[in-house]
Amino acid sequence: MTAIKRVGIVAKTSLQGAANQLSGIASWLTERNIEPVFDDQSATLLPAPAGEKPTRDRLPALVDLVLVLGGDGTLLAMADRIAAARRDIPILGVNFGGLGFLTEVTLPELYTALELTLAGTAVTEERLMLRALIHRNGDPVCDRQALNDVVITRGAMSRIIDLSLSIASEFVARFKADGLIVATPTGSTAYNLSSGGPILHPQVDAFVVTPIAPHTLTNRPLVISAACDLRIQPLMEPDEEIVLTYDGQTAMPLHPSDTVVITRAPFKLRLVHAGRSYYAVLRQKLKWAER
C-alpha cells in the first residue's frame, strides 16, 4: 500500500455542525505530517482552511485517501469520482446520521479508523463496480462507473416502459415495467432491495437485474455472473421519457436509438470499514430477521 501523505476530506454540504469535527481532523492529520485537503464545497464549512481547495471531481487525483463525512449518497458520489479518475486509493466513510450502509464507521470510531488506515492495518474490502456505456446511433455518448447500481426508469409523465435485455449476446426478455435496476452486491441493499430484489454478499462476483413494478408477475429478479455483459435497448416512442441514472447521482435521458451496455468496471473500489461482519451490519441497519 502506498504511504498516505495527503488525505482528501469531503463533508456533506449541509453538515453545518461538522465544522468542529473538520477542524479537529485537519489538526490531527497535520500533527502527524499528513496534509489535509478539503474540496471547495467542504471548505465553506470552515472559517479559513489553508492550502489548495480543488473541486470534488479533481480531488481524487491529488490525494492518497478520501475521507467522507456524511451519508451513503456522499460516499457514492466520491466513489464514482475515484473510479473516473482511475485511482486505486481507499475511501473511508464516517456516518453522520441516516442509515449508513457504506459509511458504517461511527463518529467515536473516526480517529481509530484513521490511525489504522494510515498504518496500513485497517480492514478494507474491494467492491465490484459497474460500467455503463450509452451508444447513440452507434457512437458512445456517456461512459461512467457506478458502485451501487445503474437504473433505467420512466420519466415523470411517461407510462409503463418497454426494455429489451440481452446478456452475453443472448436475448433474455422484454420487460414492461416502470424500469430496470442492474445492481452490484454493494447496491443490492439499496434500490434493488426496496424493489424486491435479493441481498448479495459483497464477495459474490455477480450482478442482479431487478424489474421495477413489472407489468407481469412472472418477471422476477435475475442474478448473473459479473463476467457477462448486458445490453439494454429502450423500445420507446420519440415523445417518451426514459432516464438512466448512475448511483442516483447522475441522470442521462435516453433516445430511441440508444443502447446501454453494462459490464464489470475494470477496477474495484477499496472501501475501509469498521471491521464488523457483513451480517452484523445487516442486523444493525435493517433489523434483518428481527421483524
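Tabulated results
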read-out	value
In order through region 2-12: 3J(HN,Hα) via Karplus (6.51 cos²θ - 1.76 cosθ + 1.60), integer Hz, x for Gly, Pro	5, 4, 8, 10, 9, 10, x, 10, 10, 10, 4
Alpha carbon Rg of the chain, scaled by the compact-globule rule 2.2 N^0.38 Å	1.05
Extension reserve of the residue 216-residue 44 stretch, reckoned as 0.36 nm per residue once the Cα distance is removed	56.9 nm
Estimated vicinal HN-Hα couplings, Hz - region 131-140 in sequence order (Karplus 6.51, -1.76, 1.60; Gly, Pro = x)	10, 10, 10, 9, 9, 10, 6, x, 10, x
Binned Cα-Cα distance frequencies in region 62-143 - 5 Å width, integer %	3, 13, 22, 21, 17, 9, 5, 5, 3, 1, 0
Over region 211-280, relative contact order from alpha-carbon pairs under 8 Å, at least 6 apart, %	31
Extension gain from residue 136 to residue 169, taking 0.36 nm per residue of separation minus the Cα-Cα distance	10.0 nm
Residue-averaged [θ]222 nm for the chain, counting only DSSP H segments that reach four residues, each worth -39500 (n - 2.57)	-5000 deg cm²/dmol
Euclidean distance between Cα centres, region 58-82 to region 138-207, Å	24
Sorted by Cβ density within 10 Å, fewest first, the residues 263, 153	263, 153
Computed over region 130-264, Cα set: Rg, Dmax in Å	13.5, 42
Region 9-135 - Rg (one decimal) and Dmax (whole number), Cα, Å	14.2, 50
Rounded FRET efficiency, nearest 0.05, which uses the C-beta distance separating residue 109 from residue 224 and R0 of 35 Å	0.45
Burial ordering of 236, 78, fewest other beta-carbon atoms within 10 Å first	236, 78
Dimensions (Å) - region 122-195, Cα atoms, principal axes, largest first	47, 31, 26
Total charge dipole magnitude, the chain, about the Cα centre, Cβ charges on Lys, Arg, Asp, Glu only, Debye to nearest 20	420
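Throughout, read-outs are computed from the coordinates displayed, never taken from laboratory work. Since this is a predicted model, take the numbers as computed values, not measurements. Ideal geometry is used to build each Cβ from the backbone, glycine not excepted, and the neighbour counts take in all protein chains shown.
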